[in-house]
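Chemist: Let me begin by handing over the structure; questions about it come next.
The values are calculated or read from the model by the stated rules, or taken from the named source; none is laboratory data. What you see is a predicted model; the values in this text were computed from it and never measured. When we count neighbours, we look across all protein chains shown, and the Cβ atoms used for this are built from the backbone with ideal geometry, even at glycine.
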Amino acid sequence: MNFITSLALIAVAYAILYVIALLFVDCDLRLAWAEKFGKPTDCLAGKVVWITGASSGIGEHISLALARAGVKLVLSARREHELERVKQNCLKIGKNLTEEDILILPMDMTAVENHSECFHQVISHFGQLDILVNNAGRSQRANWEDIDLAVDKEMFDLNVFGVLSLSRIAVKYFMKMKVGHIVVTSSLVGVNATPFPFSASYAGAKHALHGYFNALRSEKILSNINVTLLCPGPVFSNFLAESFTDRPGEKFGKAVQPTDRRMSVERCGHLCAVAIANKLNEAWISLLPYIPLCYIFVYYPNIGDHMMRLLGPNFFLKIRDTQVKMETKTE
Ligand SMILES: NC(=O)c1ccc[n+]([C@@H]2O[C@H](COP(=O)([O-])OP(=O)(O)OC[C@H]3O[C@@H](n4cnc5c(N)ncnc54)[C@H](OP(=O)(O)O)[C@@H]3O)[C@@H](O)[C@H]2O)c1
């Protein structure tokens with residue numbers, strides 16, 4: 001066998017193994033590797049991590065996973081009583097954590113004028129901040145053409161401008177400290193050209209986060225400031241009921257169903273914690289078939305386009321929301 005044939009065979013074997021491996025993981029292969037062979041979440045013990053959207057769902061379970069690893073926490077969201085519940089659960093399982101090690105800091109992410117004051121409260125309580133996890137956010141269910149522009153603005157106020165405002169304050173602080181880590185909960189919806197119809201403002205907002213935070217990473221690449229974009233696919237949280245619609249001020253109001261193809265929040269929270277501990281640039285987290293689909297849509301967009309035409313938008317909606325019906329308008 002000549003050299004070229006051997007190289008070709010190795011390339012084909014690699015591609016086949018890659019595809020097979022994707023059928024056995026619930027995240028991208030870099031994260032799967034980090035979970036098995038990378039740094040354990042315990043390496044974050046003693047660090048101070050601020051998590052927004054910590055009162056439920058993914059944020060709550062990132063908080064629990066980090067508490068288990070001995071991380072000191074700042075828990076933020078609007079519902080103080082839910083934050084108190086999460087704090088008590090973190091204390092129950094937390095490694096060497098006392099009352100003082102978990103600060104509850106109620107805040108509305110859209111009230112950007114209060115962000116500096118909130119930041120100062122964190123520093124005056126702990127004397128430091130090591131990692132900011134921007135997790136608060138809301139999704140959407142709506143037909144593209146029906147969305148009131150006011151909804152796009154509400155969506156960006158929460159999912160983009162709130163995140164930018166808090167992160168800019170943190171990045172300035174991290175630059176003074178010469179070290180720091182910004183984490184953002186994006187979504188597979190934010191990954192280039194992925195097939196998630198009926199969430200246009202949400203997709204736009206999550207794509208915007210990728211633009212802003214990839215730019216930040218590239219500017220700080222020579223410093224000790226890291227940027228991690230967490231990209232979960234569908235997860236069993238309360239987010240569907242909380243989702244924006246096409247009308248301002250409205251919530252979608254429907255609960256996720258047990259039949260939906262979604263990951264548990266516990267597993268998602270754990271994988272997010274692994275991605276943070278290993279300072280991954282981007283982490284895709286989801287059950288089948290979303291991760292292989294994402295690989296296809298990102299690396300083989302023409303095949304993805306054909307699949308979309310063949311299967312139609314409702315196919316992609318149905319695999320995540322089995323009980324949700326959206327009208328597919330063609331004219
Ligand atoms: N679940 C999924 O399938 C999925 C998939 C991909 C990405 N994500 C992302 O994951 C993140 C968390 O969502 P989730 O699924 O865990 O949903 P969730 O259970 O509804 O959690 C959303 C969190 O955001 C907080 N929040 C909402 N509006 C806020 C505001 N104005 N100010 C401060 N906090 C606010 C909520 O707390 P309060 O109501 O107490 O303020 C809550 O803690 C979001 O960024 C979402 O886009 C979710």
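Chemist: Just name the residue that is nearest to the ligand (Cβ to nearest atom) out of those in the range 133-167 that are of a type in the set (Lys, Arg) and crowded, with 16+ Cβ neighbours inside 10 Å.
Modeler: ARG138
Chemist: May I pose another question? Out of (1) surrounded by fewer than 19 Cβ atoms within 10 Å (Cβ to Cβ); (2) within 11 Å of the ligand (Cβ to nearest atom), the odd one out for VAL86 is which?
Modeler: Only one criterion in (1) surrounded by fewer than 19 Cβ atoms within 10 Å (Cβ to Cβ); (2) within 11 Å of the ligand (Cβ to nearest atom) is unmet by VAL86, namely (1).
Chemist: Could I ask something else about it? Here is a check on your reading of the model: is LEU209 over 23 Å from GLY162 (Cα atoms), touching a strand residue (DSSP E or B) at 6+ places or on another chain (Cβ under 9 Å), within 14 Å of the ligand (Cβ to nearest atom) and outside any strand (DSSP E or B)? Outline the logic, then answer.
Modeler: Working: over 23 Å from GLY162 (Cα atoms): no; touching a strand residue (DSSP E or B) at 6+ places or on another chain (Cβ under 9 Å): yes; within 14 Å of the ligand (Cβ to nearest atom): yes; outside any strand (DSSP E or B): yes.
Considered against the rule, which asks whether it is over 23 Å from GLY162 (Cα atoms), touching a strand residue (DSSP E or B) at 6+ places or on another chain (Cβ under 9 Å), within 14 Å of the ligand (Cβ to nearest atom) and outside any strand (DSSP E or B), LEU209 comes out as no.
Chemist: Can you tell me how many residues within the range 242-251 are within 11 Å of the ligand (Cβ to nearest atom) and part of a loop (DSSP other than H, G, I, E, B)?
Modeler: Quick first cut of the range 242-251, residues within 11 Å of the ligand (Cβ to nearest atom) only: 242-244, 251.
The next check asks that each one be part of a loop (DSSP other than H, G, I, E, B); those that pass are 243.
Counting residues in the range 242-251 that are within 11 Å of the ligand (Cβ to nearest atom) and part of a loop (DSSP other than H, G, I, E, B) gives 1.
Chemist: For the list (1) closer than 25 Å to SER187 by Cβ; (2) of a type in the set (Gly, Ala, Ser); (3) not in a loop (DSSP other than H, G, I, E, B), I need the number of the one condition that SER116 fails.
Modeler: Only one criterion in (1) closer than 25 Å to SER187 by Cβ; (2) of a type in the set (Gly, Ala, Ser); (3) not in a loop (DSSP other than H, G, I, E, B) is unmet by SER116, namely (1).
Chemist: Residues being more than 18 Å from VAL171 (Cβ to Cβ) and part of a helix (DSSP H, G or I): count how many of those fall in the range 99-113.
Modeler: Looking only at that region, the number is 4.
Chemist: Give all pairs with beta carbons closer than 9 Å in which a residue from the range 51-74 that is closer than 13 Å to SER264 by Cα and within 13 Å of the ligand (Cβ to nearest atom) meets a residue that is outside any loop (DSSP other than H, G, I, E, B) and basic (Lys, Arg); count only pairs at least 6 apart in sequence or on separate chains.
Modeler: GLU60/ARG85; HIS61/ARG267
Chemist: With away from the ligand (no atom under 13 Å from the Cβ), surrounded by fewer than 20 Cβ atoms within 10 Å (Cβ to Cβ), in a helix (DSSP H, G or I) and at pLDDT 95 or above as the only criterion, which of GLN121, GLN128 stands out? Step through it out loud before you land on a result.
Modeler: Details: GLN128 fails: in a helix (DSSP H, G or I).
Only one candidate passes the filter, namely GLN121.
Chemist: So VAL184 clears everything in (1) more than 21 Å from VAL151 (Cβ to Cβ); (2) more than 13 Å from the ligand (Cβ to nearest atom) except one condition, right? Which one?
Modeler: Going through (1) more than 21 Å from VAL151 (Cβ to Cβ); (2) more than 13 Å from the ligand (Cβ to nearest atom) one by one, VAL184 breaks only (2).
Chemist: If you don't mind, there's one more thing I want to ask. Which residue pairs have Cβ atoms under 7 Å apart, sit 6 or more places apart or on different chains, and have a first residue in the range 226-241 that is assigned to a strand (DSSP E or B) and a second that is of a type in the set (Val, Ile, Thr) and near the ligand (Cβ under 6 Å from one of its atoms)?
Modeler: Partner pairs satisfying both residue conditions: LEU230/THR185; PRO232/ILE58; VAL235/ILE58.
Chemist: Sticking with this one: Say we look at the range 281-302 and pick out the residues that are of a type in the set (A, V, I, L, M, F, W, C) and assigned to a loop (DSSP other than H, G, I, E, B); which of these is modelled with the highest pLDDT?
Modeler: We begin by selecting, within the range 281-302, every residue of a type in the set (A, V, I, L, M, F, W, C); these are 283-285, 287-288, 291, 293-294, 296-298.
Checking the rest, the ones that are also assigned to a loop (DSSP other than H, G, I, E, B) come to 287-288.
Values: LEU287: 94, LEU288: 91.
Within the range 281-302, the match that is modelled with the highest pLDDT is LEU287.
Chemist: Suppose the filter is under 22 Å from GLU60 (Cα atoms) and not in a strand (DSSP E or B); does LEU83 pass it?
Modeler: Numbers: under 22 Å from GLU60 (Cα atoms): yes; not in a strand (DSSP E or B): yes.
The answer is yes for LEU83.
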